[in-house]
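These notes concern the structure reproduced below.
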Amino acid sequence: MSSNSILATINKPADLKQLTLPQLEQLAAEIREYIIQVVSVNGGHLAPNLGVVELTLALEKTFDLPQDKLIWDVGHQAYIHKILTGRREQFKTLRQYQGLSGFPKRCESEYDAFGVGHSSTSISAAMGIASARDLKGEHYNVIAVIGDGSMTGGMSFEALNHVGDMHKRLVVILNDNEMSISKNVGAMSKYFTQLRTGEFYTKVKGDVEGWLKDIEYGDDVLEAIDRVKKSVKYLMMPGSVFEHMGFKYFGPVDGHDLPGLLEVLEVVKKEKGPVLVHVVTKKGKGYAPAEAEPNKFHGTGPFDIPTGKKLTNPHAAPNYTDIFSKTLLQLAAKDKNVVAITAAMPDGTGLSAFAAKYPQRFFDVGIAEQHAVTFAAGLATQGLKPVAAIYSTFLQRAFDQVLHDVCLQQLPVKLCLDRAGLVGDDGPTHHGVFDLAYLREMPHMTIMAPKDENELRHMLKTALDYNDGPIALRYPRGSGVGVSLAEPLHNLPIGKAEVLREGKDICLWAIGSMVQTALKVADLLAAQGISAGVVNMRFAKPLDKELLLQHAAQYKQLATLEEGILTGGVGSGVLELLNGAGLLPQTRVYRFGLPDEFVPQGDKKLLFQDLGLAPEQIAETLAQAVAKGKQS
């Protein structure tokens, strides 16, 4: 930062209150430059943050944080908030191991009123905070910022309904960066906004309404006035739906017009009931590549600033998402009953190519995972083959729908869970480490995980041909192993594991991404004179009971490896089966997986080291176990 940098002088939101409008506009430019610099190195959510620079400045200048509570939805647009609230220098460590989180976290700063990472939660949280405020007789402001995409989530409307019914003093900022508003409609709406935010208009409106109430009209006249009033309102005021829910509506407001934002927020700050401010912003504002391709820069890896081109390893193997996408297209070409569903993530889940080729068979339901799953269930009742591609961490939001609407009816819905396992820099809100545990408990559910990208292809075909109930296919983020993809597609026998190596001393039962780790562990043990077998489990449910019982009797010592939570995970399933067969404790089972805690963000190799899951660490533990077993 230069010596005359305004950003260098901002250590807390209160510092903004002394800045002039030109200084604020210069600060906005400096913030954009700083965010681009950091995200180009660390990766992160670029376009959403560039779009809310002026909005964040206006909010933090107008309100008194941290006494006033500012809640972000999802939180992928809270980078400016972090920079302005004492984390400017830490921002260089964004999304890094032991660095600053990419999302708001209450334990990170007193300015983060609520921890987030998933969508459509801000209004509910704000309502809870506002209710607590009133119960305690306090008087601070509560502001929830929510994007138009998050408004597609049913939870946001549940919260709006509650706020309007209770008439709590609360401000909702609708950050609209997708809707297209024409100049004519925008100009008229701006005119009405100026009227409604004027103190004179507000006073006159209140006086006139009181005067009209005192005049006796005939019923016909009253009905006519009401019809005219509603007609004009619906034609001219796009926020009428929110007003019917009990909110006072302001907008649309230009989200990059600092004077206009400051003026509106000063008025909103004085309101006594629920208010919704509709702010129109542009994703990627101020950086041409992000403005041109906002979806590409919504969440990005490192990139070259002048060109916007991502910095990738040209020698890396194809990633799992791309293999899923290409295989699904191949299978869909032969089966017209295959349909694909996403919850607002066509790019992230690899379904964009499917949408382009089969638009009538593709459904983007918005950020509504619950609806996506039950919608898929409805399709399945009519003989279609619904493929619901959802990030593992987001399927958690549809737990009841999977259990009640899919499993209970034993419907052949295909759940394809991208980003299963640790996802690295996005951290605990996005690690997909719970699906094995919570899906295992559901009756009729079948669960698969591939050892490599070639096996992913076969598992997808297996899922599409499976009609005896729901089936889940989980696969990790990032590049595959680099194996050949020339093998013709074929079905895998349900519930049957694959023996990769025979051994004598111990056998490693691994699933999904941990199969490669198990093979490395076996090599390390072999160097110490320990003979280890390796099994690719393939299925978390049902387990290969026959082979497992055989190995329990043969080896007497087994190890399970999974990139998921140990509590209720695959290792637990192995223990349950062996216990039911009366083979415990004479067969020793060592489980390797994630502990009963939330794993922070960071490079996966570093996280695995911390968790004791690096091949060298597992080999050392098992070498000691085998030696102890031989002694006994």
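The values are calculated or read from the model by the stated rules, or taken from the named source; none is laboratory data. Model, not experiment: these values are computed from the prediction. FYI the Cβ positions are ideal-geometry reconstructions off the backbone, even for glycines, and counts take in every protein chain you see.
For the reader, a short list of remarks on this structure follows.
- Residue 585 being farther than 18 Å from residue 521 by Cβ and under 25 Å from the mean Cα position of the chain (by Cα): no
- When residues of segment 15-38 are limited to those that are free of Cβ contacts under 8 Å to residues at least 40 places away in the same chain and under 32 Å from the mean Cα position of the chain (by Cα), the one surrounded by the most Cβ atoms within 10 Å (Cβ to Cβ): 27
- Evaluation of residue 352 against (1) modelled with pLDDT of 95 or more; (2) crowded, with 19+ Cβ neighbours inside 10 Å; (3) not aliphatic (A, V, I, L, M) (one fails), failing number: (2)
- Test: residue 599 is among the β-branched types (Val, Ile, Thr) and assigned to a helix (DSSP H, G or I): no
- Listing of helices (runs of 4 or more DSSP H) fully contained in segment 1-105 that carry 2 or more residues being touching a Leu at 6+ places or on another chain (Cβ under 9 Å) and of a type outside the set (S, T, N, Q): 21-42, 53-62, 79-84
- Residue 606, sole failed condition from (1) out of contact with any strand residue (DSSP E or B) (no Cβ under 7 Å at 6 or more places or on another chain); (2) in a loop (DSSP other than H, G, I, E, B); (3) touching a residue at least 40 places away in the same chain (Cβ under 8 Å); (4) aliphatic (A, V, I, L, M): (2)
- Test result for residue 286, outside any helix (DSSP H, G or I), at pLDDT 95 or above and not assigned by TED's automatic domain parsing to the domain that holds residue 460: yes
- Out of 333, 317, one residue alone is surrounded by fewer than 21 Cβ atoms within 10 Å (Cβ to Cβ), over 26 Å from residue 56 (Cβ atoms) and either among the acidic types (Asp, Glu) or modelled with pLDDT of 95 or more (or both). It is 333.
- Those strands (runs of 3 or more DSSP E) of segment 445-527 in which at least 2 residues are among the β-branched types (Val, Ile, Thr) and in the same structural domain as residue 399 (by TED's automatic domain parsing), considering only elements entirely within it, cover 446-448.
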